[in-house]
Amino acid sequence: MTHKGKQASLLATLLAIVAIVLAFSPAVSTRNYVSLNGGFYFTFPDDWEQIDYNTVDVFLSRGQVSRDVYNYEAVFAPSSNSPFFDGNYLILTVDTVRDLTKEQKDSILNEFGHSFAKKFKYAPMRDYLVNLKSENPNYDREKQIASVLNKVTQKGEPFKKNLLMLKFYEKGVARFFCYSPDSAFDASKTIFEQMINSFSTENIDAAFAPEEVKMTEVEVENKSDDKSGESHFIPIAVIVALVVVLITLIRRKRARQK
């Protein structure tokens, strides 16, 4: 093989390595939120973000939402929102108790229904959302999700909708307060449904962001093997940069040989 052929072969090998690393990188279409307090996680779109607590506290202090959400766990909204409540957003609250009995669940559902002075419907949540024509509360027995749609008014006029969903699970109740502009709700309710449907209490350790796992692994290695305390983890961006440098050097060498 000629020198030129060896260079081309080396370049192809490096590009293949980069392709393999990228192929095994986690998908970024959704991200996980892990509730250590509640012992569960769920996914949210990758173009959403968790809002910092100070920003949320200022918003809540204005009295824009129900008092029930003041003891919130986390708030999420699209990164493009400015401010975060200008569009879709979600407020999560968690009540951790022991595994609820059927009687306790019925009691919560009755209280939930009475607060809206309407009778419960019992149907799968997807059917309920597709045929959402009233504000009657609904309960999906299989998924153990109670939900109800409310109108949020401003100066007597509706301008947002609030889909409140209660998820019963073995450690208590998670409440999803989902807000959307009135005109965008039909499209937004699918996003909210996907979030609560991704709710899980299994394999929580695996739900943490890959970056956090890598950082933990590096710290363990440093304590046991690496006396210098330096990390040996090479980010993908560094690999790509090395390939770019190599391509530049090859081109310059070829130019000098002409």
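Counting 0.36 nm for each residue step from residue 46 to residue 62 and taking away their Cα separation leaves a gain of 2.9 nm.
Solvent-accessible surface (1.4 Å probe) assigned to residue 101 amounts to roughly 60 Å². Go ahead and collect, in residue order, the members of region 184-208 whose backbone nitrogen is under 11 Å from a label point 7 Å along the Cα-Cβ direction of residue 32. Those under the cut-off are 200-208. Label sites at residue 70 and residue 194, each approximated as a point 7 angstrom past Cα along Cα to Cβ, lie 3.5 nm apart.
The values are calculated or read from the model by the stated rules, or taken from the named source; none is laboratory data. As the structure is a computational prediction, the values presented were derived from the model and not from experiment. No Cβ is skipped: glycine too gets one built from the backbone with ideal geometry, and neighbour counts run over all protein chains shown. Ligands, DNA and RNA are excluded from the accessible area calculation, which covers all protein heavy atoms including side chains. Shrake-Rupley method; radii C 1.70, N 1.55, O 1.52, S 1.80 Å.
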